[in-house]
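Mind looking over this structure? Questions follow.
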Amino acid sequence: MTSETLLAAGLAVEKKSADVTDWAARVGWLVGLALFVALVYWLMREGWKWRGTLQGDLPALPSAPDDPGPARLSMSGRYHGSTTAGQWLDRIVAHGLGTRSRVELTLTDAGLDVVRPGATDFFIPADALHEAVLGKGIAGKVLTEGGLLVVTWTHGERLIDSGFRSDHAAEHNEWVDAINSMINKTETEGAR
């Protein structure tokens, strides 16, 4: 045998197929990753439920009166959540106040009716309203300056900020003026 033949025979012996994927290890990693993601989501859910338990002293949300009177303003848009007043990251989750949803707002002389399809509706009586301002953020939602209508109101012993965004952001100024003038009118009448 010549050296070329020996070399060719040696190369033929050394040639082998590529390594096959280790499916057991790959499936093991995928199952481990799925379990880790499930654990993280479970912990987040438990944290949400714990926050709701801590806010258990919040009374049930009021519902709209049978005859709230004629609508002064109405708006459709998004409800972005409620927080402790002045603390825009302290989300309130009790009674569904932490659930984002579509919203239909109606301002009447009786107060502010908040209708949320798929979530808990509530009513803010006129005497519970404190202030309306244009804000830029509320727990988990940050917008440009003036992109959010923030209504401050009293519920039980708490002062709450609720954030709304109209489908037509130009409406926000009109809402701020209307709510604040209604608050001033209520305070003036209460002082008499």
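The values are calculated or read from the model by the stated rules, or taken from the named source; none is laboratory data. What you are looking at is a predicted structure, and each value in this text was computed from that prediction instead of being measured. Please note: Cβ atoms are built from the backbone with ideal geometry, for glycine as well, and neighbour counts cover all protein chains shown. Quick note on the areas: whole protein, heavy atoms, side chains included, nothing else; ligands and nucleic acids left out. Shrake-Rupley method; radii C 1.70, N 1.55, O 1.52, S 1.80 Å.
Hey, can you tell me all the residues within segment 103-114 that are under 18 Å from ALA128 (Cα atoms), in a strand (DSSP E or B) and more than 16 Å from the chain's Cα centre (by Cα)?
Within segment 103-114, LEU105, THR106, LEU107, THR108, GLY111, LEU112, ASP113 qualify.
For segment 68-93, how many residues meet the condition of being over 13 Å from the mean Cα position of the chain (by Cα) and in a loop (DSSP other than H, G, I, E, B)? Even if it seems obvious, please write down each step before you answer.
Restricting attention to segment 68-93, the residues satisfying the condition of being over 13 Å from the mean Cα position of the chain (by Cα) are 68-77, 84-87.
Restricting the remaining residues to those that are in a loop (DSSP other than H, G, I, E, B) gives 68-70, 85-87.
The number of residues fulfilling the criteria is 6.
For the subset of segment 38-65 comprising residues that are under 29 Å from GLY111 (Cβ atoms) and free of Cβ contacts under 8 Å to residues at least 24 places away in the same chain, which member is most open to solvent (accessible area, probe 1.4 Å)?
The extreme case among them is LEU54.
With respect to SER82, is the statement that it is open to solvent by less than 60 Å² (accessible area, probe 1.4 Å) and not aliphatic (A, V, I, L, M) true?
yes
So GLY118 ticks every box in (1) surrounded by 16 or more Cβ atoms within 10 Å (Cβ to Cβ); (2) at positive phi but one. Which box is left unticked?
(1)
Checking the structure you have, find out if any residue of segment 94-102 is farther than 23 Å from LEU54 by Cβ, within 23 Å of the chain's Cα centre (by Cα) and surrounded by 15 or more Cβ atoms within 10 Å (Cβ to Cβ). Show your work before the answer.
Step one: list which residues in segment 94-102 are farther than 23 Å from LEU54 by Cβ, which gives 102.
With the extra rule that they be within 23 Å of the chain's Cα centre (by Cα), the set shrinks to 102.
Now restrict to residues that are surrounded by 15 or more Cβ atoms within 10 Å (Cβ to Cβ): none.
Scanning segment 94-102 turns up no residue that is farther than 23 Å from LEU54 by Cβ, within 23 Å of the chain's Cα centre (by Cα) and surrounded by 15 or more Cβ atoms within 10 Å (Cβ to Cβ).
Does THR154 fit the bill of being in a loop (DSSP other than H, G, I, E, B) and either of a type in the set (S, T, N, Q) or in contact with a Pro (Cβ under 6 Å, 6 or more places away or on another chain) (or both)?
Values: in a loop (DSSP other than H, G, I, E, B): no; either of a type in the set (S, T, N, Q) or in contact with a Pro (Cβ under 6 Å, 6 or more places away or on another chain) (or both): yes.
Answer is no for this residue.
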